[in-house]
Amino acid sequence: MNRTKGDKDPAEWMPPAKDATCTYVADWVSAKLRWKLTVDRAEQTKLQQVAAGCPGTKVTLTPAP
């Protein structure tokens, strides 16, 4: 699975198991926030589309040291 993902962002790759997408997106956003990383437009669009179908999913922010 990791080989197919490579270094692709959510705009280019999502987990094939539909029940894993909300967790994947929440973890992705959490990492982006933690490390103050940028998000390109395609990535942001995909994250928003997926997140809209994930009611009740929470993103946990743990600030980097």
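Annotations for the structure displayed:
- Residues satisfying the criterion are absent from the stretch 53-65 (criterion: free of Cβ contacts under 8 Å to residues at least 12 places away in the same chain, assigned to a helix (DSSP H, G or I) and not polar (S, T, N, Q)).
- Positions within the stretch 21-48 being exposed (fewer than 13 other Cβ atoms within 10 Å of the Cβ), of a type outside the set (Phe, Trp, Tyr) and more than 11 Å from the chain's Cα centre (by Cα), in sequence order: 36, 37, 38, 40, 41, 42
Only the coordinates and a few stated rules stand behind these numbers; no lab work does. Being a predicted model, the structure only gives us computed values, none of them experimental. FYI the Cβ positions are ideal-geometry reconstructions off the backbone, even for glycines, and counts take in every protein chain you see.
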